[in-house]
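So the structure is just underneath, and the comments pick up after that.
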(Lines give C-alpha, C1' and ligand atoms only; values in the text may rest on other atoms or scores of the structure.)
Protein backbone atom coordinates (compact mmCIF):
# COMPACT_ATOMS: atom_id res chain seq x y z
CA UNK A 1 0.00 0.00 0.00
CA UNK A 2 1.17 3.54 -0.69
CA UNK A 3 -0.11 7.09 -0.36
CA UNK A 4 -1.44 7.17 -3.93
CA UNK A 5 -3.57 4.09 -3.24
CA UNK A 6 -4.96 5.61 -0.03
CA UNK A 7 -6.00 8.78 -1.87
CA UNK A 8 -7.69 6.72 -4.61
CA UNK A 9 -9.44 4.41 -2.12
CA UNK A 10 -10.79 7.33 -0.12
CA UNK A 11 -11.88 8.96 -3.36
CA UNK A 12 -13.97 5.91 -4.24
CA UNK A 13 -15.61 5.82 -0.79
CA UNK A 14 -16.39 9.55 -0.93
CA UNK A 15 -17.81 9.34 -4.45
CA UNK A 16 -20.07 6.41 -3.51
CA UNK A 17 -21.29 8.27 -0.39
CA UNK A 18 -21.80 11.44 -2.43
CA UNK A 19 -23.83 9.69 -5.12
CA UNK A 20 -25.91 7.95 -2.46
CA UNK A 21 -26.66 11.21 -0.70
CA UNK A 22 -27.35 13.03 -3.94
CA UNK A 23 -29.61 10.51 -5.65
CA UNK A 24 -30.96 8.39 -2.78
CA UNK A 25 -31.57 11.23 -0.33
CA UNK A 26 -34.54 9.78 1.50
CA UNK A 27 -32.85 6.42 2.02
CA UNK A 28 -29.52 8.06 2.86
CA UNK A 29 -31.15 10.18 5.57
CA UNK A 30 -33.40 7.55 7.12
CA UNK A 31 -30.91 4.66 6.99
CA UNK A 32 -27.74 6.69 7.45
CA UNK A 33 -28.88 8.74 10.43
CA UNK A 34 -32.09 7.20 11.74
CA UNK A 35 -33.87 10.52 11.15
CA UNK A 36 -37.25 11.02 9.54
CA UNK A 37 -36.70 12.05 5.95
CA UNK A 38 -38.21 15.46 5.13
CA UNK A 39 -37.95 17.59 1.99
CA UNK A 40 -35.66 20.00 3.86
CA UNK A 41 -33.32 17.20 4.96
CA UNK A 42 -33.32 15.72 1.46
CA UNK A 43 -32.30 19.13 0.08
CA UNK A 44 -29.51 19.37 2.65
CA UNK A 45 -28.50 15.78 1.89
CA UNK A 46 -28.21 16.63 -1.80
CA UNK A 47 -25.91 19.53 -0.95
CA UNK A 48 -23.80 17.24 1.23
CA UNK A 49 -23.79 14.70 -1.60
CA UNK A 50 -22.24 17.22 -3.99
CA UNK A 51 -19.62 18.13 -1.36
CA UNK A 52 -18.75 14.46 -0.82
CA UNK A 53 -18.64 13.83 -4.57
CA UNK A 54 -16.32 16.80 -5.20
CA UNK A 55 -14.08 15.80 -2.28
CA UNK A 56 -13.96 12.30 -3.75
CA UNK A 57 -12.84 13.65 -7.11
CA UNK A 58 -10.18 15.78 -5.39
CA UNK A 59 -8.96 12.80 -3.39
CA UNK A 60 -8.77 10.71 -6.56
CA UNK A 61 -6.86 13.40 -8.50
CA UNK A 62 -4.42 14.69 -5.85
CA UNK A 63 -1.83 11.93 -6.40
CA UNK A 64 -1.71 12.77 -10.11
CA UNK A 65 -1.25 16.52 -9.72
CA UNK A 66 0.49 17.04 -6.36
CA UNK A 67 3.90 15.77 -7.36
CA UNK A 68 6.45 16.26 -4.60
CA UNK A 69 3.83 17.86 -2.35
CA UNK A 70 1.80 14.68 -1.98
CA UNK A 71 2.99 14.05 1.59
CA UNK A 72 1.99 17.56 2.69
CA UNK A 73 -1.46 17.08 1.23
CA UNK A 74 -1.62 13.64 2.86
CA UNK A 75 -1.03 15.25 6.25
CA UNK A 76 -3.88 17.68 5.56
CA UNK A 77 -6.11 14.72 4.73
CA UNK A 78 -4.98 13.00 7.95
CA UNK A 79 -5.99 16.08 9.95
CA UNK A 80 -9.31 16.34 8.09
CA UNK A 81 -9.94 12.64 8.69
CA UNK A 82 -9.27 13.13 12.40
CA UNK A 83 -11.85 15.94 12.52
CA UNK A 84 -14.43 13.89 10.61
CA UNK A 85 -13.79 10.89 12.87
CA UNK A 86 -14.26 13.06 15.95
CA UNK A 87 -17.57 14.55 14.80
CA UNK A 88 -18.99 11.20 13.68
CA UNK A 89 -17.94 9.64 17.00
CA UNK A 90 -19.48 12.57 18.89
CA UNK A 91 -22.78 12.09 17.04
CA UNK A 92 -22.76 8.36 17.77
CA UNK A 93 -22.01 8.86 21.47
CA UNK A 94 -24.66 11.56 21.91
CA UNK A 95 -27.26 9.52 20.01
CA UNK A 96 -27.68 12.13 17.28
CA UNK A 97 -27.28 9.41 14.62
CA UNK A 98 -28.19 5.74 14.64
CA UNK A 99 -27.86 2.68 12.50
CA UNK A 100 -24.96 0.86 10.89
CA UNK A 101 -23.91 3.68 8.55
CA UNK A 102 -22.32 5.95 11.20
CA UNK A 103 -20.38 2.99 12.62
CA UNK A 104 -19.07 1.99 9.20
CA UNK A 105 -18.20 5.62 8.40
CA UNK A 106 -16.39 6.25 11.70
CA UNK A 107 -14.26 3.13 11.20
CA UNK A 108 -13.46 3.93 7.54
CA UNK A 109 -12.74 7.57 8.31
CA UNK A 110 -10.46 6.69 11.21
CA UNK A 111 -8.60 4.11 9.12
CA UNK A 112 -8.09 6.62 6.31
CA UNK A 113 -6.87 9.27 8.79
CA UNK A 114 -4.39 6.82 10.30
CA UNK A 115 -3.21 5.63 6.88
CA UNK A 116 -2.76 9.19 5.61
CA UNK A 117 -0.74 10.03 8.70
CA UNK A 118 1.48 6.95 8.54
CA UNK A 119 2.21 7.17 4.82
CA UNK A 120 2.71 10.96 4.85
CA UNK A 121 5.47 10.99 7.47
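The values are calculated or read from the model by the stated rules, or taken from the named source; none is laboratory data. On a predicted model such as this, the values are computed, not experimentally measured, just so you know. So basically every Cβ, Gly included, is an ideal-geometry build from the backbone, and we count neighbours across all protein chains shown.
Among the residues making up the range 37-54, those that are without any contact (Cβ under 8 Å) to a residue 24 or more places away in the chain and part of a helix (DSSP H, G or I) are 39, 40, 41, 42, 43, 44, 47.
Here is a yes/no grid of residues against (1) under 11 Å from the mean Cα position of the chain (by Cα); (2) buried (at least 19 other Cβ atoms within 10 Å of the Cβ); (3) assigned to a loop (DSSP other than H, G, I, E, B):
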{"residue": "4", "(1), (2), (3)": "no, no, no"}
{"residue": "12", "(1), (2), (3)": "yes, no, no"}
{"residue": "16", "(1), (2), (3)": "yes, no, no"}
{"residue": "31", "(1), (2), (3)": "no, no, no"}
{"residue": "35", "(1), (2), (3)": "no, no, yes"}
{"residue": "56", "(1), (2), (3)": "yes, yes, no"}
{"residue": "85", "(1), (2), (3)": "yes, yes, no"}
{"residue": "92", "(1), (2), (3)": "no, no, no"}
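Could you check, for the range 58-66, whether at least one of its residues is in contact with a helix residue (DSSP H, G or I) (Cβ under 6 Å, 6 or more places away or on another chain) and either farther than 20 Å from residue 121 by Cβ or modelled with pLDDT of 95 or more (or both)? Scanning the range 58-66, I find at least one residue that is in contact with a helix residue (DSSP H, G or I) (Cβ under 6 Å, 6 or more places away or on another chain) and either farther than 20 Å from residue 121 by Cβ or modelled with pLDDT of 95 or more (or both), so the answer is yes.
The condition of being in contact (Cβ under 8 Å) with a residue 24 or more places away in the chain and either outside any helix (DSSP H, G or I) or touching a strand residue (DSSP E or B) at 6+ places or on another chain (Cβ under 9 Å) (or both) holds for only one of 78, 98, that being 98. Filtered by the rule that a residue be under 15 Å from the mean Cα position of the chain (by Cα), without any contact (Cβ under 8 Å) to a residue 40 or more places away in the chain and either closer than 19 Å to residue 76 by Cβ or surrounded by 14 or more Cβ atoms within 10 Å (Cβ to Cβ) (or both), the range 106-118 gives 106, 109, 110, 111, 113, 114.
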